[in-house]
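Step one of this worksheet: look at the structure below.
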Amino acid sequence: MSPTVPSAALLGCQGLTLSPQESAFFAQTNPLGFILFARNIDTPDQVRTLVKELRASVGRDDAPILIDQEGGRVQRLKPPHWRHAPTARQLGDLYDRDITDGLRAIWLNYRLIARDLADLGIDVDCVPCLDVPIPGSHDVIGDRAFSTDPALVAACGRIAVKGLLAGGVLPVSKHLPGHGRAMADSHHDLPRVDAPLEVLKNTDFVPFMKLPEIPLGMTAHIVFDALDPDRPVTQSKIGIAFIREALLFDGLLMTDDLSMKALGGSFEDRARTTLEAGCDLVLHCNGDPQEMQAVMAATGPMSPEAQRRWARAASLRQVEPDFDADAALAELMALLI
């Protein structure tokens, strides 16, 4: 860890390079790390340079760099420079047909993703999506989920985690405690789930209960009436306590993006309430300087517990040697036919 404790935040930037204003702001506010989106991606060399600029701005070579590289419709690194990866649902369907082939394909896919990310200096991938969609729910999750079967989601998610970790990339369990039942897209509206707690424990929460060891997690901007009918989980002390105590998750817990319209109030309020609720980190993605200034005005240094959780997660960033990417890709493509 840096002698100066980083701020409890992960931030985005606006373009392909870091502006002097952004660099100065990050140096002043010292967020733990950063997240990249499609607007930040052009060529491999450009991404490598941007990653170095981001880390240099806070003076920490180990500052985490996050990305959403799920596969399918959610992947920030795209052809022609990077492989178009299959959806989680494609992999889950293969597992459902043949467990052995499915497990092998999942491991290969996420090990290959990890190789692509590590090559760029990116060391956190916001996967696996452990949500369990139900019929009629909003398609914001859809084929990003491995299956509609909670046990199958958990089995696939466990292997995805192993594939990423084998390549030195940290996984993120999302969206705690489950986004699959939402009837609205939290990017635009605040979803509310009215299912009874016993139903949720037997469906939505199952993958998270089975995989509490994932080192990083992301909250869902969803109101669960069975937990706290007044606040979305991200801003709910009751909801965060449930994640910690009932789901046994002791990883580093970040919010989903604070700029999503599911959350109301000022950005100072959003940051303050999420940290007070028990989240370890706030995540702000769009790079808007005014919003970031407001977020950071209400965000202090990481708590001792957050520092402990991050140190434990960071210790897992070790690449297993002797990985033949060409052979792995050929094997994966043969399994997916």
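Between the DSSP loop rule and a limit of at most 10 other Cβ atoms within 10 Å, which trypsin sites (Lys or Arg not before Pro) in region 52-141 are left?
Values: sites: Lys52, Arg55, Arg60, Arg73, Arg76, Arg83, Arg89, Arg97, Arg104, Arg111, Arg115; in loops: Arg60, Arg73, Arg76, Arg83.
When the trypsin sites (Lys or Arg not before Pro) of region 52-141 are filtered for loop state and at most 10 Cβ neighbours within 10 Å, Arg73 remain.
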Taking N as its residue count, the alpha carbon Rg of region 19-153 over 2.2 N^0.38 Å: 1.21
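Longer than 27 Å from Cα to Cα, which of Lys78/Lys210; Lys52/Lys210; Lys78/Lys162; Lys210/Lys261; Lys162/Lys237 are they? Say none if no pair is.
On the way: Lys78/Lys210 32 Å; Lys52/Lys210 36 Å; Lys78/Lys162 23 Å; Lys210/Lys261 30 Å; Lys162/Lys237 31 Å.
As for pairs spanning more than 27 Å Cα to Cα, those are Lys78/Lys210; Lys52/Lys210; Lys210/Lys261; Lys162/Lys237.
What's the extension gain from Asp98 to Val199 if we count 0.36 nm per residue and subtract their Cα-Cα distance?
Details: separation 101, 0.36 × 101 = 36.36 nm, distance 2.85 nm.
Extending this stretch completely gives an extra 33.5 nm.
Roughly what % of Cα-Cα distances in the chain sit above 31 Å, to the whole percent?
27 percent
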In whole Hz, what ³J(HN,Hα) sequence does region 276-284 give by Karplus (6.51, -1.76, 1.60; θ = phi - 60°), x for Gly and Pro? 5, 5, x, 5, 7, 9, 9, 10, 10
When DSSP assigns beta bridges and you keep just the ones with both residues in the chain, what percent turn out antiparallel, to the nearest 5? 15 percent
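Taking Rh as the Kirkwood radius, which is the inverse of the mean 1/r over Cα pairs, what is the Rg/Rh value for region 121-264?
On the way: Rg = 13.9 Å, Rh = 14.9 Å.
My calculation puts Rg/Rh at 0.94.
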With the chain treated as a Gaussian network of Cα nodes joined by springs under 10 Å, which of His84, His179, His284 yields the largest mean-square fluctuation? His84
Where the Cα atoms of region 224-302 are projected onto their three principal axes, how long is each span, largest first, in whole Å? 37, 25, 17
Alpha carbon centre of region 28-79 versus region 265-281: separation in Å? 23 Å
Placed amide H near Ala9: partners under 5 Å, 5+ positions off or other chain: Leu32, Gly33, Val282
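Find how much the distance from Val74 to Asp269 grows on full extension, using 0.36 nm per residue of separation minus their present alpha carbon separation; answer in nm with one decimal.
Working: separation 195, 0.36 × 195 = 70.20 nm, distance 2.90 nm.
In short, 67.3 nm is gained.
Here, each number is a calculation from the coordinates, and none is a lab measurement. Keep in mind that this is a model prediction, so the values were computed, not measured. Backbone-built Cβ (ideal geometry, glycine too); neighbour counts: all protein chains shown.
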